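Participant: Please find one structure pasted underneath; my questions will follow.
The values are calculated or read from the model by the stated rules, or taken from the named source; none is laboratory data. Here the structure is a predicted model, which is why all the values come from computation and not from measurement. Quick reminder, even Gly has a Cβ in these numbers, built from the backbone with ideal geometry, and neighbours come from all protein chains shown.
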Amino acid sequence: MRSGEKAPGFSLFDGNGNKWALADHLGKIVVLMFYPGDNTPVCTAQLCSVRDHWSEYQATGAEVVGISTDSVESHKGFAEKNELPLKLLADTDGEVSKKYGMRSWVPGRSARGVVVIDKEGRIAYSKAEAISLFRPKDDDVLAAIAKAG
């Protein structure tokens, strides 16, 4: 995805089994945090870092969600275990990851990356980590959110 392109619409279920649709969040900045899987060391560190900086994310007014190919049930347990404040969306068939160019080289997994969608529903920032052992830096994501505003 390139900056300025219209973000593809989608709806997925969160860890509580509730439907989350991008269209319902137009008019606000949306951050999609793609990650390979629940309960893995780097993914846990990534999402716990978001948790630890949650007040900074909330201060931006952006809607921040995590997306992986894990199930609703897996997301529920992962979020509860790590006290994660953000919704985790289940892209079980990998279609949303594919639409956003976040397919991993590992079959059936999302790549690690971040997409920031502006209030008009356009891509403001998109970055996939070339090596999934490295996680996005919160300062970089927060700067991308501020720039999209």
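Participant: Exactly one condition in (1) modelled with pLDDT of 95 or more; (2) assigned to a loop (DSSP other than H, G, I, E, B) is false for residue 124; which is it?
Facilitator: (2)
Participant: For residue 90, are the conditions met, namely being among the small types (Gly, Ala, Ser), closer than 16 Å to residue 30 by Cβ, touching a helix residue (DSSP H, G or I) at 6+ places or on another chain (Cβ under 8 Å) and modelled with pLDDT of 95 or more?
Facilitator: no
Participant: With respect to the numbered conditions (1) β-branched (Val, Ile, Thr); (2) part of a strand (DSSP E or B); (3) closer than 16 Å to residue 45 by Cβ, which one is the sole condition not fulfilled by residue 141?
Facilitator: Condition not satisfied by residue 141: (2).
Participant: Continuing with this model, one more query. Got a number for residues in region 107-117 being in contact (Cβ under 8 Å) with a residue 12 or more places away in the chain and more than 14 Å from the chain's Cα centre (by Cα)?
Facilitator: Qualifying residue count for the region: 1.
Participant: Right, here's the next one. Does residue 14 satisfy the condition of being among the charged types (D, E, K, R), surrounded by 12 or more Cβ atoms within 10 Å (Cβ to Cβ) and farther than 23 Å from residue 59 by Cα?
Facilitator: no
Participant: Run residue 146 past the list (1) surrounded by fewer than 20 Cβ atoms within 10 Å (Cβ to Cβ); (2) closer than 15 Å to residue 33 by Cα; (3) of a type outside the set (Phe, Trp, Tyr) and report the number of the one that doesn't hold.
Facilitator: Checking residue 146 against (1) surrounded by fewer than 20 Cβ atoms within 10 Å (Cβ to Cβ); (2) closer than 15 Å to residue 33 by Cα; (3) of a type outside the set (Phe, Trp, Tyr), the one that fails is (2).
Participant: Would you check if there is a residue in region 56-65 being hydrophobic (A, V, I, L, M, F, W, C), surrounded by fewer than 16 Cβ atoms within 10 Å (Cβ to Cβ) and modelled with pLDDT of 95 or more?
Facilitator: Checking region 56-65: at least one residue is hydrophobic (A, V, I, L, M, F, W, C), surrounded by fewer than 16 Cβ atoms within 10 Å (Cβ to Cβ) and modelled with pLDDT of 95 or more.
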